[in-house]
Structure formats: structure tokens, C-alpha cells
Amino acid sequence: MQQVLNGIFAGSIYALFAIGFTLVFGVLDRLNLAHAAVFTTSAYVGIELVADLGLSIWLAIPAVLVTGAVLGLVIERVAFRPLKGRHDAHFAGLISSIAVGGMFLALLQARYGPDTRRFPADAFPSTDFELGGVRITLLQLVILGVSLGLMLGLAYLVNRTRLGRGMRAVAENPHAAAVLGVNVDRVTATTFAISSALGAVAGVLLAFYVNSAQMTMGFNIELKGLAVIIVGGMGSLKGAMIGGIALGLAEVFAVQYVGSSWRDVVAFGLLFGILLLRPQGLFGARQVREV
Amino acid sequence: MRIRTASVSTAAALALLVTGCASEDPADTAAPAPQASGGGGGSGEDCVIEEPVPVGAALSLTGAAASYGQSQQKGLELALDDLAEKEGVTYELAIEDDATDPKQGIAVFEQFISREPVSIILGPTLSNGAKTTDPIAQEEGVPVLGISNTAAGITEIGDYIFRNSLPETAVIPQTIAKAKESLGLEKVVVMYSNDDAFTESGFTAFEAALEEEGLETVETLTFSKADTDFRALLTEAKAAQPDALVVSGLIEAAIPLVTQARELGIEVPIIGGNGFNSPQLMADAGEAAEGVIVGAAWNSASESEENVAFLEAFKAKHDGNPDQFAAQAYTGMILVDAAVRAGCSAERDAIQASLGSLQDIPTPLGTFSFDNREPQHPAVVQIVEGGTFTVLD
């Protein structure tokens, strides 16, 4: 039971990261590889806010959300907008987003140095609950609550609001959307801002969860995030959410039933197996090629 | 860096009574054969070498092992200050960063071997790096003194490879024996990161020691040195209800592992390998670090003359307490000085010869001798209590 919870907590962070990742893909058909850099940046920013400025962790989460949104706007402006007219915009955007991500990391290293950063020992409330032999800390509940809340909020936003309608219209066909009076540039920028804000919160939550931030933390989750969105079905928000939690659970069960050395083999093998059975992913629509 | 040295009367300690020569060229040209002195006190202390003796240190000042490397740097700098008060021989210390990357380490070693030749290389910080870089120095005939390499198989690389850091194979059996004796352990869970040479050899040493002491290993769990979330593993460990956790991991893994173990309600002692042996553990893990047991090569509470002097000087210079890495780095430089003076030569082969025969040198680590290029001095078993390492008894 404790293992199920461990899996859900870790998985909810993967899911939050992946959902931001897949949002840009689903709406704009672009893969934003600077997403992991936003994730890392926000972890460091979160630690700085708490450790150096003495902000409480409750305020740090919204502050990081805003930071992430701003970074998303920067990524869109720098890496994607200048290239959008090119015929190879998919590929060019992929490369330029790697470049922007690399720049973020370099700036981060210049500011914070290469060392692992941690929160001060007393930054978190040490409250924990014990229920039937299962231990949960207040912090873990916060992590779960924030990620689920943000994911549901996003679902509402996409399905029920005017902005969401705009996003779906752009996803369907940007030209048609423009003809229908949707401000495509603004919807694009907003999508990036929301996506990065989610990635940023995922970053700070992981930093809370493991109480550390390293330069390499983004690389690990980027791979997992990609796996999750492919398994969930490219562009599917529900798929990313369920895929993320499934990966978290697969990891802990691999530890429990197979052996800790086999964790990645089992977790990624499982994902691979799903793809063999359902190439379009759990919730992806089968790709139809227009000619 | 140019340092003038003055005489200090630790002379009696130097076992080799060789003295009185002047070497013109530090590194490569052969120094004149040392003339035997007429016994008595002076010996190596009277040695005069005109040119500063070039010494290279390859440390991990950035990257995963940065906290160790920076500590070593402080230890070396302090040793230079102390050696500057002795006369006759001066040292020029070049410290280069290998960024905790063996590939970078090779570049640093190549620089020390040929481009800016040094008489002896100190380091590198991690055993992982040493296994890659030391063979290069061995091939070129440059002596290397490891000041923190504790994995098995380091000095086996060749006859130019020394270390002053007590290997885990010497410390771990003492740690397990002591912990079993004082805590009455019966069964343990072993955890180690299996993608690092250092932690893997630590695990092998633990495994042997546990068997030797007749302790039962109820479960063995592995993780990666880059891991930060250990909750799944620790839940497994907790379910096995061990009397203690035995962990071979670097400090970067040790801190979250210890914190998360306590968070999951694992209150049993955690016995760590050498990677746990850093004050950073208490600084970053706080209360969770209580009850961590680490075997160490250096007893910070030792009241020997050399150790007390080292502690005071370190606090005065660096504004903080030294750790074992600083003490071993400091000792490394003291041993280099003893070896240079013993043969009174800055030549690589002469240093290699006299370093290996050093006996009973008083250092902060205790009375130090080399036996077949391996260090000989007592170890200490510590437990974290009230935020500091105290001797377990």
C-alpha cells in the first residue's frame, strides 16, 4: 500500500510534467525540448525563493508558476515564433528549443554553480499521518493536491473556456482558426505559457519531494516525460496524466516484485509493450494522413 | 604559488637519515645522488632544493564530488602554509579541477605529466577517476598519491601509485564489527549504487564483513548514483524489518536517502560507507542524520599533537571545521614533503622510492606508515549524535 502511494506521488509529478509537454504538442504540433530546462530552472528558483528570500513554500509554488509562464513566453518568442513560417518548422523548432534549453541551463549554472542545492532543513512542515501502517507526509499530500488540481484546471480550461475553444480550433487547423477570427499568435503564446507553467510547478514539486535540485534533473524526467506522452497518445492530456501515474507505479512495482536493478528495464519495457499493442498510445487517435 | 619554507623540528620523525644535496632541476633531470648524512638529528630537514618542487593536485572542485574536492583543496592550502615555515624546500602547487569526470581527469593528468610537468600528482578525488587516470601516470613513471581513493584495486595499478586514504576494505570490517558489538545487530538490509566503482567496491567490502561477522542480509537493493527518490526502495527495506540499513553510496545519494528513510519511519541505525563521511550530511539532512554510523580513517576528536594543531590552524584559516577529506589532503602534502626531504630530490623516481619507505610519520591521521604503498594507521567508528560525529563505543 505504501508502495502504491509512493508510485502515485512520483507519478503525479511525471504526469504534471508530461501534461505540459503534451499540451504544446497537441495544440501546436510542436515538440518543445526546452520543457525540461524550465523544469530544472524552476526547481532552482523555488529553492532560492525559500532558502534565500525566506518565502514559505505555499507562496513559492504560485511564484514559480508565474516564472514558468514567463519562461514559456520567452521560449515561444525566441525558439518558435521566428521559425514558424519555415516549411521545416517542426524540425527547426525542435532544434532551436534544445538550444534555448541549453542556454537556460548555462545561465542557471552561472548563477547557482554546479552543486546540488537543497532546501533548509526546516523549510517543510514535518506533519505526517499514519493510517494502517502507511505513512504520508503533509508535503506529499500537497504535491498530489497541487498536481491533480492543476491538471483538472487545465482540463476545464481547454474544454469549457473561450481560450480553450481557441486552442482546440488552432489544434484543428491554424489557418481556418485565423479565418474564423481566432488570434493564433496569442493562443500560441498562451499555450506555451500554460505548458511551461505546469512544467515549472512539476519542477518545484519534485524539488520538494526529493529535497534537492541538480543540473541533471531535467534530463532524467525529459526521457520519462517523452515516454509518458507517447504511451498516453501524443497530444492527449488524459493520456499524459494516466501515463505519468502508470510510470510511477510501474517503477515502484518493479522494485517490489522484480528487483531494484531492473527498475528502468521493467518500467520502460512496459511502456514499450503498450506501444506494440497500441501504437497510437492509450488515448491517442489513430493518425490519419491527409494527402 | 611560491612558498618559502622554514625549519620545524618534526625532524626526529623522519626515519630516513639522508640529506644535504641540492637539486637544480625539479622534475625531469636527474638530481645528484643524495649523500648519506652523519646520523643524528638533522637528516631530511637540512635538505635544500633551490627550485620550488612542482606538485599537481587533480581534484573534483565541481560536479557530484565537489564537496569532497573543495574540502581537499582547503586541506592542501593549509598544508602549504605550514610547509612554508620549514626551510630548504619550497613547493609550487597546481590545483586543477576534473569536474568529477574521468575524461576531464585524463586531461588534467596529461597536463601534469608532460605539458606542465610536476614531481608528483595528488588525487584524483574519486576512485572512479583514479582507475582511469592512474594507469597513465604509471606508464609515464609519475608518482601518484591518492588522498581519498578508498576503493579496492587502486594501488594494484602499479608501483608508482600510492594512497594515504585507508581503503574501505580496512575501514568497513572494523565498522561492522564495532556496530554489531555495540548495537547487537542480527539482520540488515544492504543498499548500494551499482553504477559507481567506489560504491560497488564498498558494497563488496560490506558483504564480506557482514559474512565475517555472521550477520544476515535479508535484502540487497540497488540504486543509481543519480537517483534522488528512494521511497520505493526504502519501503521495501522497511518491510524486511532489519536491525540496521547498510548503505554504500555517495553523499549526493546519502542525504536524500537518509532523509526519506526517517520520513518513512525507519528509525534503525544506518551504517554508511565512506561516502557518508562528511559534515554535509548533518548540515543538509539535519535531524534525520542522527544514528548514522560511519567508519572513518580520521578521528576528528583525536587529541594527538598533530591533530590538535591541524584543527586549530584549519579553523583559523578557513572558518569552519575540517572533514576527513581535508585531513587526508593535508596529510598527503606532509607525506610528500617527508618523501622529498628523505631523498632530498624533486626527481620523480627518487620521490617514488622514498615515499614507499616512509615509516612512523606523525600526522593528523595518527602515526602513518606505508606498507606496499598502502596506508597503515588506525581507523575509528563514528555515530552521529546531536548533530556531530562522535566515537561509537
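The values are calculated or read from the model by the stated rules, or taken from the named source; none is laboratory data. These numbers were taken from a predicted model, which means no experiment stands behind them. Neighbour counts run over all protein chains shown; Cβ positions are idealised from the backbone, glycine included.
Some observations on this one:
Each row is one residue, and each column tells you yes or no for (1) more than 25 Å from A:ILE13 (Cβ to Cβ); (2) surrounded by 18 or more Cβ atoms within 10 Å (Cβ to Cβ); (3) of a type in the set (Phe, Trp, Tyr).
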{"position": "A:ALA37", "(1), (2), (3)": "no, yes, no"}
{"position": "A:TYR44", "(1), (2), (3)": "no, yes, yes"}
{"position": "A:LEU59", "(1), (2), (3)": "no, no, no"}
{"position": "A:ALA69", "(1), (2), (3)": "no, yes, no"}
{"position": "A:PRO82", "(1), (2), (3)": "yes, no, no"}
{"position": "A:ALA89", "(1), (2), (3)": "yes, no, no"}
{"position": "A:TYR112", "(1), (2), (3)": "no, no, yes"}
{"position": "A:LEU131", "(1), (2), (3)": "no, no, no"}
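- Selected residue (criterion: farthest from the chain's Cα centre (by Cα)) from residues of segment B:117-136 that are without any contact (Cβ under 8 Å) to a residue 40 or more places away in the chain and closer than 23 Å to B:GLU92 by Cα: B:ILE136
- Any hit, segment B:311-329, residues being at pLDDT 95 or above and in contact with a strand residue (DSSP E or B) (Cβ under 8 Å, 6 or more places away or on another chain): yes
- The set of residues in segment B:284-303 being surrounded by 24 or more Cβ atoms within 10 Å (Cβ to Cβ), among the small types (Gly, Ala, Ser) and out of contact with any Lys or Arg (no Cβ under 9 Å at 6 or more places or on another chain) consists of B:ALA297 alone.
- Where helices (runs of 4 or more DSSP H) sit wholly within segment A:181-272, those with at least 2 residues that are within 17 Å of A:GLY284 (Cα to Cα) occupy A:217-232, A:237-253.
- Checklist (1) modelled with pLDDT under 95; (2) more than 14 Å from chain A (Cβ to nearest Cβ); (3) assigned to a loop (DSSP other than H, G, I, E, B); (4) in contact with a strand residue (DSSP E or B) (Cβ under 7 Å, 6 or more places away or on another chain) applied to B:VAL142, failing item: (1)
Okay, residues lined up against (1) among the polar types (S, T, N, Q); (2) away from chain B (no Cβ under 14 Å); (3) exposed (fewer than 12 other Cβ atoms within 10 Å of the Cβ); (4) outside any strand (DSSP E or B):
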| position | (1), (2), (3), (4) |
| --- | --- |
| A:GLN109 | yes, no, no, yes |
| A:LEU139 | no, no, no, yes |
| A:VAL146 | no, yes, no, yes |
| A:LEU154 | no, yes, no, yes |
| A:VAL170 | no, yes, no, yes |
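- Within segment A:25-49, restricting attention to residues that are part of a helix (DSSP H, G or I) and at pLDDT below 90, the residue that is nearest to A:MET215 (Cα to Cα) is A:PHE25.
- Residues in segment B:311-322 include none that are within 18 Å of B:LEU234 (Cα to Cα) and assigned to a loop (DSSP other than H, G, I, E, B).
- Of residues in segment A:4-49 being of a type in the set (Val, Ile, Thr) and within 14 Å of chain B (Cβ to nearest Cβ), the one nearest to A:LEU198 (Cα to Cα): A:ILE13
- Total residues in segment A:214-229 satisfying the condition of being away from chain B (no Cβ under 14 Å) and either modelled with pLDDT under 85 or surrounded by 24 or more Cβ atoms within 10 Å (Cβ to Cβ) (or both): the figure is 3.
- Test: residue in segment A:59-66 that is in a helix (DSSP H, G or I), touching a Ser or Thr at 6+ places or on another chain (Cβ under 7 Å) and within 26 Å of A:ILE245 (Cβ to Cβ): yes
Condition check ((1) among the charged types (D, E, K, R); (2) in the same structural domain as B:GLU290 (by TED's automatic domain parsing); (3) farther than 16 Å from B:VAL188 by Cα) across all residues:
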site	(1), (2), (3)
B:ALA208	no, yes, no
B:THR217	no, yes, no
B:THR220	no, yes, no
B:ASP227	yes, yes, yes
B:ALA244	no, yes, no
B:SER248	no, yes, no
B:ALA254	no, yes, yes
B:ARG262	yes, yes, yes
B:VAL268	no, yes, no
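- Scan of segment B:162-189 for residues that are surrounded by fewer than 23 Cβ atoms within 10 Å (Cβ to Cβ) and either in contact with a helix residue (DSSP H, G or I) (Cβ under 7 Å, 6 or more places away or on another chain) or in contact (Cβ under 8 Å) with a residue 40 or more places away in the chain (or both), ordered by number: B:THR169, B:ALA170, B:PRO173, B:GLN174, B:LYS178, B:SER182, B:LEU183, B:GLY184, B:LEU185, B:GLU186, B:LYS187
- Scan of segment B:206-249 for residues that are closer than 23 Å to A:ALA254 by Cβ, crowded, with 23+ Cβ neighbours inside 10 Å and more than 11 Å from chain A (Cβ to nearest Cβ), ordered by number: B:PRO242, B:LEU245, B:VAL246, B:VAL247, B:SER248, B:GLY249
Conditions tested, residue by residue: (1) without any contact (Cβ under 8 Å) to a residue 24 or more places away in the chain; (2) over 27 Å from B:GLU181 (Cβ atoms); (3) crowded, with 21+ Cβ neighbours inside 10 Å.
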{"site": "B:LEU355", "(1), (2), (3)": "no, yes, yes"}
{"site": "B:THR363", "(1), (2), (3)": "no, yes, yes"}
{"site": "B:THR367", "(1), (2), (3)": "yes, no, no"}
{"site": "B:ASN372", "(1), (2), (3)": "no, yes, no"}
{"site": "B:GLN376", "(1), (2), (3)": "yes, no, no"}
{"site": "B:GLU385", "(1), (2), (3)": "no, no, no"}
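- Among residues that are away from chain A (no Cβ under 14 Å) and surrounded by fewer than 20 Cβ atoms within 10 Å (Cβ to Cβ), B:GLU50 is included.
- Looking across segment B:295-310 at every residue that is in contact with a Ser or Thr (Cβ under 7 Å, 6 or more places away or on another chain) and either in a strand (DSSP E or B) or of a type in the set (Asp, Glu) (or both), the one that is nearest to B:ASN149 (Cα to Cα) is identified as B:GLY295.
- Flag for A:ILE75 being among the β-branched types (Val, Ile, Thr) and surrounded by 24 or more Cβ atoms within 10 Å (Cβ to Cβ): yes
- Subset of segment B:304-333 [buried (at least 24 other Cβ atoms within 10 Å of the Cβ) and β-branched (Val, Ile, Thr)]: B:THR331
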